[in-house]
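Colleague: Quick one: the structure is below, and I'll ask about it shortly.
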Amino acid sequence: MAQLLIQRPTGTRDVVPSQMYKWNTVEGLVKSHAEAYGFKEIRIPTFESTALYVRSVGDTTDVVQKEMYTVSAAGDEDFTLRPEGTAGTVRAIIQNGLLNEGLPQKLFYILSCFRHEKAQANRYREFHQFGVEMAGTKDPRADAEVISLARGILDAAGLEQVKLYINSIGCPTCRAKFQSALREYFGQHLDKLCDTCKGRLERNPMRILDCKSEICSSIAAEAPIILDYLCEECSEHFDKLKSYLDAMDIKYEVNPHIVRGLDYYTKTVFEFVAEGIGAQSTVCGGGRYDGLIETLSDKPCPALGFGMGLERLITTMESLNVEFAQEETCDIYVGSMGDDASVKAMQICRALRADGVRAECDVVGRSVRAQMKYADKVKAKFSVIIGGNELEAGVAKLRNMVSGEETDIPLDDRFGQVFNAMLIAQQLSGEEFEGLELLK
């Protein structure tokens, strides 16, 4: 192995070809489900103005206080690598006038996010997130629809046992009373709180509920719960959401301790949690953020969404022994002996690829034996070897790499026609065809 002079940064990972099929499976799965629900893909910048995240995510959150990668350019504003996808997507919705193009706006994305967290198993400083955002409706049916999408993705991924937990954290009106109760409660335990949470007590006591400190978590477990402080409107909204989930037979548990770690959430919040595989793992989380668009513009507009970490989703699938469909990498390997045969192999492969066939030929100068070993390695369905005799006869032997059966195939413009017919027949029924017989 060659000596490595520079290694990848701590908290990042390489996805090598032997693992890429898992990512392609998962990305294809989430994308197809989002499109089935009417969501359209959006792409946003990797970095945004730091002010966007301070204003939306919240200046008392762990994300803003401890985890952002921020760059200060001389004579320019500060920029931050995106720590999550919602704020940038909402900014894009506003800036591009999407709210004027019909409501609700239903968008999804697959992107990289960056957080300066302590490097540990299954937590990365660069991670990949699938997310959906729906803007322009306050109806609880939208909440149920978004949760239904997430549930459908997890079920299709073989994660039916992942549990759904829901809560309502109310609106600013009813939350004010709740925060007063929290200040009173946590004030009685002030000397035991971590230094960060001591600073949160007056500014935003709800953030204490999300603290990862073991001591703070144990104190928070006995804190007042938001459901006891919901106003009539928020309580009715939550009851309707539960009725819609019941109607769709989506199982859930109400967990009054879920608040999510970002300040923009209102009313509905939810998490999908994988249990029984060691430590609990949240594979998906989201909720409603009815005030975020107004915070970033002068136009009020209710919205909601969720984020799903792809690394955590794949790890959970692996932990639960979910099988991933292996990708087929090669339909045919066209081997050759000699320069003239090599040119013919390249011509045939180019024509096949234009027809959508996955074809490979020798570009290294291997022996025929080594070429056949390579054909096995790339799991080619068929192979053909072209040499001087085959060029002179204009015909070669096409070999089925699984059954070992061989058939004649012409080395002219008809090659692709014959091979495609054989490939389709094999895919549909497993039948074998005599190549030249197709041309009679």
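Read-outs throughout are calculated quantities, based only on the coordinates presented, and are distinct from any laboratory measurement. Quantities reported herein were computed from a predicted structural model and do not represent experimental measurements. Every residue, glycine as well, gets a Cβ built from its backbone with ideal geometry; the counts of neighbours run over all protein chains shown.
Colleague: Please work out how much length the chain gains when fully extended from Trp23 to Glu184, using 0.36 nm per residue of separation minus the C-alpha to C-alpha distance, in nm with one decimal.
Modeller: Contour length minus the Cα-Cα distance gives 53.2 nm.
Colleague: Starting from 0.36 nm per residue, how many nanometres of slack lie between Glu41 and Ser148 once their C-alpha separation is accounted for?
Modeller: Taking Glu41 through Ser148 to full extension adds about 36.7 nm, to one decimal.
Colleague: On a C-alpha basis, how far is the centre of the range 119-155 from the centre of the range 211-281 in Å? Whole number, if you could?
Modeller: 15 Å
Colleague: If you don't mind, another one. Would you kindly derive the ³J(HN,Hα) couplings of the range 179-191 from the backbone phi angles with the Karplus curve 6.51 cos²θ - 1.76 cosθ + 1.60 (θ = phi - 60°), listing them in order in whole Hz, with x for Gly and Pro?
Modeller: Residue by residue, the range 179-191 yields 5, 5, 5, 5, 4, 5, 5, 5, x, 6, 10, 4, 5 Hz.
Colleague: Which entry is the computed semi-axes √(5λ) of the Cα gyration tensor in Å for this structure: [x] 34, 26, 22; [y] 28, 28, 22; [z] 55, 24, 21?
Modeller: Calculated semi-axes √(5λ) of the Cα gyration tensor in Å: the matching label is [z].
Colleague: What length, rounded to one decimal in nm, is gained on full extension from Asp339 through to Gln417, with 0.36 nm per residue of separation minus their alpha-carbon distance?
Modeller: Additional length available on full extension: 25.6 nm.
Colleague: Once every DSSP H run of n ≥ 4 in the chain is given -39500 (n - 2.57) and the sum is divided by its residues, what mean residue ellipticity at 222 nm do you get, rounded to the nearest 500 deg cm²/dmol?
Modeller: Computed mean residue ellipticity for the chain: -11500 deg cm²/dmol.
Colleague: Give me the lysines in straight-line cross-link reach of Lys251: C-alpha distance below 16 Å, same-chain residues under 8 apart excluded.
Modeller: By straight Cα distance, Lys251 reaches Lys163, Lys240, Lys242.
Colleague: What number comes out for the charge environment of Thr268, summing +1 per Lys or Arg and -1 per Asp or Glu over other residues with Cβ under 9 Å away?
Modeller: With Lys, Arg at +1 and Asp, Glu at -1, the neighbours total +1.
Colleague: Which distance in nm do the two modelled labels at Ser367 and Asp408 give, with both placed 7 Å along the Cα-to-Cβ direction?
Modeller: 3.1 nm
Colleague: What residue among Gln19, Leu52, Ala345 has its Cα farthest toward the positive end of the dipole of the chain, where the charges are +1 on Lys, Arg and -1 on Asp, Glu, each on the Cβ?
Modeller: The one lying farthest along the dipole's positive direction is Leu52.
Colleague: In the neighborhood of His237, defined by Cβ-to-Cβ distances under 12 Å, what is the net charge if each Lys or Arg adds +1 and each Asp or Glu adds -1?
Modeller: With Lys, Arg at +1 and Asp, Glu at -1, the net is -1.
Colleague: For the pair Asn96 and Ala221, how long in nm is the line joining their label points, each one 7 Å along Cα→Cβ?
Modeller: If labels sit at Asn96 and Ala221, their model points lie 4.5 nm apart.
Colleague: Which of rounded, prolate or oblate describes the range 116-275 when judged by the alpha-carbon gyration tensor and an a/c cut-off of 1.5?
Modeller: Taking the square roots of the gyration eigenvalues as a ≥ b ≥ c, the range 116-275 is oblate.
Colleague: Relative contact order for the range 332-439: what is it in percent, counting Cα pairs under 8 Å that are at least 6 residues apart?
Modeller: Worked out over the range 332-439, it gives 24 percent.
Colleague: Among DSSP beta bridges lying fully in the range 315-426, give the percent that are antiparallel, nearest 5.
Modeller: So the antiparallel bridges amount to about 50 percent of the total.
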